[in-house]
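The values are calculated or read from the model by the stated rules, or taken from the named source; none is laboratory data. Just so you know, these numbers come straight off a predicted model, no measurement behind them. Note: ideal-geometry Cβ built from the backbone for every residue, glycine included; neighbour counts use all protein chains shown.
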């Protein structure tokens, strides 16, 4: 038997890439899982659970995200002001008009594990409603959503 050792990545060994995802290319769930996979870095062979080795993700065309069925009117988003009776709701159609970035942000946040690394991972997510973005200098690699 070979004396194989388990690899554990160190924070010094982290190599982050810039990824570009087009949200209009697939449905909301498929786009969100692809984004979460890259934010966590779980696709890398050097993945270590307690080290945040994910990539920077730039998402374009958030206002054109695809949903199936009657989710445009049936899917609800809730928020609470903290005061009694302060709950408000909006359906996906209203969110698409007012805050198209939040649709993807909420979907991705629900797919990332809740721990001390969550805030840092969400900071590396940059969502834009249109097809232009402010990160062209980083030369992000386009990733196809399957």
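Annotations
- Odd one out for residue 45 among (1) within 30 Å of residue 7 (Cα to Cα); (2) surrounded by 10 or more Cβ atoms within 10 Å (Cβ to Cβ): (2)
- Taken over segment 94-113, the residue count meeting the criterion of being free of Cβ contacts under 8 Å to residues at least 24 places away in the same chain and surrounded by 15 or more Cβ atoms within 10 Å (Cβ to Cβ) is 4.
- Taken over segment 114-143, residues that are in contact (Cβ under 8 Å) with a residue 60 or more places away in the chain, surrounded by 11 or more Cβ atoms within 10 Å (Cβ to Cβ) and outside any strand (DSSP E or B) amount to 14.
- Residue in segment 82-93 that is touching a helix residue (DSSP H, G or I) at 6+ places or on another chain (Cβ under 6 Å), over 22 Å from residue 126 (Cβ atoms) and modelled with pLDDT of 95 or more present: yes
- Residue within segment 67-89 that is within 27 Å of residue 138 (Cα to Cα), within 19 Å of the chain's Cα centre (by Cα) and assigned to a loop (DSSP other than H, G, I, E, B) present: no
- Scanning segment 18-35 finds no residues that are more than 17 Å from the chain's Cα centre (by Cα) and either assigned to a helix (DSSP H, G or I) or over 29 Å from residue 134 (Cβ atoms) (or both).
- Any hit, segment 49-65, residues being in contact (Cβ under 8 Å) with a residue 60 or more places away in the chain, assigned to a helix (DSSP H, G or I) and under 28 Å from residue 136 (Cβ atoms): yes
- Checking 65, 2, 57 one by one, the residue that is farther than 21 Å from residue 115 by Cβ and buried (at least 19 other Cβ atoms within 10 Å of the Cβ) is 65 and no other.
- With respect to the stated conditions, residue 12 is out of contact with any helix residue (DSSP H, G or I) (no Cβ under 9 Å at 6 or more places or on another chain), part of a helix (DSSP H, G or I) and surrounded by fewer than 12 Cβ atoms within 10 Å (Cβ to Cβ).
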